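Report on the structure given below.
Computed from the coordinates by the stated procedures, all read-outs in this text should not be read as laboratory data. What you are looking at is a predicted structure, and each value in this text was computed from that prediction instead of being measured. Every residue, glycine as well, gets a Cβ built from its backbone with ideal geometry; the counts of neighbours run over all protein chains shown.
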Amino acid sequence: MWNSSKSVLASSVCTKIVIVIVILTAVASPYLVKNYISYTMKDPDIITPLVMTIIACAVPGLMALFSLDRLLTNIKRKEVFIEKNVRHLRVISWCSFAVSVISLISGFYYLLFLIIAVAAAFFGLILRVVKNVIEQALIIKNENDFTI
Amino acid sequence: MAIIVNLDVIMAKRKISAGDLSNIIGITPANLSILKNNKAKAIRFSTLEEICKALDCQPGDILEFKRED
């Protein structure tokens, strides 16, 4: 039977799979980009900037994924409304904004990155709101825990 | 906090242990400890009523207001 603990476990497994995919993509990015450029017959001059963008985005991406993994570990331990989780959400949000800025700059040589910039900024904004909600919930929980 | 809980004073006067009092009023010893050590942010009227009943006292005997300047 599907329940919340299995759902958290599935999210945790997915996060770990995505971490591996991001690392592999970052490592194989020169090869992947070269193949993509030759397949789409685009200007070969953008190979180096494209690889640089992918690797630059992989760093905040991995930071966000590791924070997400730690967040899920806390949720597994039934520790949802704690200061650490607020911090993890803040890190993920800032990482999204970092990816957005990198993509925005990369949008000058490859327009498609502008879509990623907008999506990452939007995602970061949503996470900031979620972080604010958890922050307020933490205050309410503390108040409730210390009401005897 | 400007409100001080003098529960330990009344408990000492009535010669009642924390374990016994928590059993009588129906709260956990951990919560009673929070109350005794002035770490509580609020107290329910129902808890206050049970404490007053158990210790045969008035709310004013347990709670005290001290101005913080």
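Quick notes
- In order along the range A:53-62, phi translates into HN-Hα couplings of 5, 4, 5, 4, 6, 5, 5, x, x, 5 Hz, rounded to whole numbers, per the Karplus curve 6.51 cos²θ - 1.76 cosθ + 1.60 with θ = phi - 60° and x for Gly and Pro.
- Computed from the Cβ-Cβ distance with R0 of 30 Å, the FRET efficiency linking B:Asp56 to A:Asp145 stands at 0.55.
- Shielding score for B:39-45, defined as the mean number of other chain Cβ atoms within 10 Å: 3
- Of all aspartates and glutamates in the structure, the ones whose alpha carbon falls short of 18 Å from that of B:Lys15, not counting any fewer than 8 places away in one chain, are B:Glu50, B:Asp56, B:Asp61.
- Value of relative contact order over the range A:4-145, rounded to a whole percent, pairs C-alpha under 8 Å and six or more apart: 23 percent
- Here's the picture: charge each Lys and Arg Cβ at +1 and each Asp and Glu Cβ at -1 in the protein assembly as shown, and of B:Asn6, A:Ile140, A:Ala120 the one pushed furthest to the positive end of that dipole is A:Ala120.
- Taking label points 7 Å from Cα along the Cα-to-Cβ direction, B:Lys41 and A:Lys78 give a separation of 2.1 nm.
- Note on the protein assembly as shown: Cα-only Rg and Dmax are 27.9, 90 Å.
- Lys pairs under 25 Å by Cα in the range A:4-145, provided they are eight or more residues apart or on distinct chains: 18
- Estimated distance in nm for a label pair at B:Ala18 and A:Val59, the labels positioned 7 Å out from Cα along Cα-to-Cβ: 5.1 nm
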